[in-house]
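To start, the structure itself, in structure tokens.
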Amino acid sequence: KVPDPRGDSDGPRRGSLCDRHCTAINNVQGDLGDLGCHLHRPRVPTATSTPSCCQQHSEEVCESCVVKTTLTAENAVEANKLSNNYKFGFKKWKSHVTARPWEDRSEIVKELYSDLNVIRGSAGSTLTCGNVLYLLLFGWWLSLLYILVAAMMFITILGAPYGELCWDLAGYFLWPFGKVIQKVEVPKSHQACEASVGESSALLGGPTPLRWRPRCWVGTGYWHVASTAVWLCLGYPVLALAHGLVCVTAWLLIVLIPVAKLSARATARVLPLPPQRVLIRHLSMTEVPLEGEVILCCYRAANPYYYKYAVDGINVFAVNLLPLVLVTLVLGYVDSPNHLTGSAVKFTLALLSIMPLSYYIGMAIASISAQSNFAVGAVVNATFGSITELTFYITALIKGSREGNRCYAEVVKSALTGTLVGCVLFVPGLCMVIGGIRHQEQRFNSRSAGVSSALLFLSVGGVFAPTLFSKVYGKLVCGECHNVTQNPLGHYLCHNCHFDLMDNNGTLYYSHVQPLVYTVSILLPAAYLIGLFFTLKTHTHIYDIHISDCHMPGHHHSAVVHWSRWRALVILLLSTLCMSACADLATEHISPILTNSTISQYFIGVTVLAMVPELPEIVNGIQFALQNNLSLSIEIGNCIAVQVCMLQIPILVLFTIFYPTNFTLVFSDLHVYASMFSVVLMNYIFMDGKCDYFQGTVLVMVYFILLAVYFFAPSPSGC
């Protein structure tokens, strides 16, 4: 019995016999990499191959096989997240929302999360560029500090045992690679310690070298207490502070995170120990190791794969940028008179703070959607999907209205156009170029791209309809005109020309243009809802996602989510609140930049204000492209562009009804031509459903050409 391919899309479905048959016949597979799933794209078989699906099944079933995408997920939550990635209007998220089983991770990833307490059989040479970098950045002065602390401990006499420990640790931290620090048991008596000193090595046949012996204390009781007190008061705080500085610096550099782990473990596990329980050995020596726990064993100071490192599911870059948000908020609201820093610094900090907040908002949305039903996921995506951009736009319009400055409205229009052009040209083009480096040719679902393209054509036409209407019926007004030929009937050269919509007390604008704007603002969200109903309900086979029956080893355990629904909701609300504060600071300190900068305000809006909030989405698109999943890379850009025209602009128009601002849905000619040309070019490139790095290069080059046009364009009128 052949199932209907247009089933309900509220949850993942299992592939039928026909699904598996079609997949086996066509034998085309694309790996989704770290997601732990497989994407099967059937292709037309050759004449000598096994009979095709169409020869054995009906055309309807064959059509479903052609557009079918079969995924193998690790658990139900990941399956729901993967399914949401292919749903129109849902945020595409590359990272896992659940903890992956340890046995299924690659050896490279396992090394990232391992503690520095494992002795390897053969680690190779320790003379590497990363280790030399550690020596130049940290090793020499950290070793010198240990020598100074050792001298101070010897001077106090009571701290002599700790002075000996610091002397040995000075040599260790100068070059810790290929060495091990062990925690050994304390002898029960001084005689036992002396006996242990006289023991011979089983292999070398001689006494154990002195610097490998456990340290023996002369005396117990009060001597021990006094020595420890001197160490905790004079030695330990200095070294802990130094290791803390090394830990923070190495963590921020990301590739040196092993050094951060080394310093953290030294502070927490080595320095608090009594000296006689610390043993330092060279791994290259052939003596029999003493019984004891391995505390530190480091081979490499740098690892380039630490960009994959995550803390509780949060990427390390987002973790490192989180303190920047706190610094921005404190500096922005405490130093209001700009005594400490200027407006340019505060604007830059506020803009950079938007990037990690966008990441947290995206992960919170993906986590909630993956753990909820379709209705809740759709509401969360529709409500918070564009919150980053809308927050900045609304705060800028409010500030412009209070100051009576039209420049803010023009900057918002430039940012809207820049987001549209960037997501149509730059995002898919960059993903094609980077993905094309690894894959010679990439294919994508042309039918799903066609739906997004149709919505883009509709949205661009609707957004710019009031602009075209005003140019047809508006009155052209120029600020200054000069007669070029000195003839009254000759040619005139005019500057600062624009179409006046307020002629005759604004009859044209209030009677014709404004009703058209309101009509378009109602029709565009309605078209967006129709597109959602079309792709998610009546024509789900376009984005047909099936969850395979097979389960990979180790995936039988229940899913352990990084963020529960309540935790994700709290993070989403807090991130949105911080986003509002950062947007307020950005708009508060952008005025001097717009006034004093020699760069066109068009260029500032199209580049900085438009693309910085989209950086997390660009990174997701690149990751999908590298895993040969260009369909999601294209959908990321298309969905953002569609939401700009069909959701964000109508919301801004609705906002102006309740809070009058200078924002009108009339754009400059440059915005109109750039947007329309970008959409036409994108549809031409995506026509055949396959692409390579050359087509991506064309899109990126066209985007940079448009940026050059905006860079050399004069500032808009009113700025």
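The values are calculated or read from the model by the stated rules, or taken from the named source; none is laboratory data. Everything numeric in this text was worked out from a predicted model, so none of it was measured. Glycine gets a Cβ as well: all are built from the backbone with ideal geometry, and neighbour counts include every protein chain shown. Just so you know, the surface numbers come from the protein's heavy atoms only, side chains and all, with ligands and any DNA or RNA stripped out. Shrake-Rupley method; radii C 1.70, N 1.55, O 1.52, S 1.80 Å.
Quick notes on this structure:
- Filter result (of a type in the set (Gly, Ala, Ser) and surrounded by 23 or more Cβ atoms within 10 Å (Cβ to Cβ)) within the stretch 576-599: 583, 586
- If you go through the stretch 83-127 and pick out every residue that is of a type in the set (Asp, Glu), in contact (Cβ under 8 Å) with a residue 12 or more places away in the chain and not in a loop (DSSP other than H, G, I, E, B), you end up with 3.
- Per-region count, the stretch 307-356, residues more than 22 Å from residue 576 (Cα to Cα) and part of a helix (DSSP H, G or I): 5
- Test: residue in the stretch 420-429 that is within 23 Å of residue 631 (Cβ to Cβ), in a loop (DSSP other than H, G, I, E, B) and not small (Gly, Ala, Ser): no
- Condition met for residue 354 (open to solvent by less than 30 Å² (accessible area, probe 1.4 Å), assigned by the TED database to the domain that holds residue 569 and farther than 30 Å from residue 702 by Cα): no
- Residue in the stretch 658-669 that is in a helix (DSSP H, G or I), β-branched (Val, Ile, Thr) and either touching a residue at least 40 places away in the same chain (Cβ under 8 Å) or farther than 30 Å from residue 510 by Cβ (or both) present: no
- Filter result for residue 642 (modelled with pLDDT of 85 or more, buried (at least 20 other Cβ atoms within 10 Å of the Cβ) and assigned to a loop (DSSP other than H, G, I, E, B)): no
- Scanning the stretch 426-433 turns up at least one residue that is surrounded by fewer than 22 Cβ atoms within 10 Å (Cβ to Cβ), of a type in the set (A, V, I, L, M, F, W, C), in contact with a helix residue (DSSP H, G or I) (Cβ under 6 Å, 6 or more places away or on another chain) and assigned by the TED database to the domain that holds residue 613.
- Given (1) more than 34 Å from the chain's Cα centre (by Cα); (2) small (Gly, Ala, Ser); (3) not assigned by the TED database to the domain that holds residue 255, index of the condition residue 106 fails: (1)
- None of 378, 370 is in contact (Cβ under 8 Å) with a residue 60 or more places away in the chain and either touching a Lys or Arg at 6+ places or on another chain (Cβ under 6 Å) or β-branched (Val, Ile, Thr) (or both) except 370.
- Selection of the stretch 685-708 for residues being open to solvent by less than 30 Å² (accessible area, probe 1.4 Å) and either part of a strand (DSSP E or B) or of a type in the set (Ser, Thr, Tyr) (or both) yields 691, 703.
- Residues of the stretch 320-351 satisfying the condition of being under 25 Å from residue 386 (Cα atoms) and either basic (Lys, Arg) or open to solvent by less than 20 Å² (accessible area, probe 1.4 Å) (or both): 325, 328, 332, 346, 347, 350, 351
- Residues in the stretch 378-392 that are under 20 Å from the mean Cα position of the chain (by Cα) and over 19 Å from residue 615 (Cβ atoms): 2 in all.
- Among the residues making up the stretch 357-377, none is modelled with pLDDT under 85 and either within 27 Å of residue 609 (Cα to Cα) or not assigned by the TED database to the domain that holds residue 593 (or both).
- Meets criteria (more than 18 Å from residue 415 (Cβ to Cβ) and open to solvent by less than 30 Å² (accessible area, probe 1.4 Å)) for residue 682: yes
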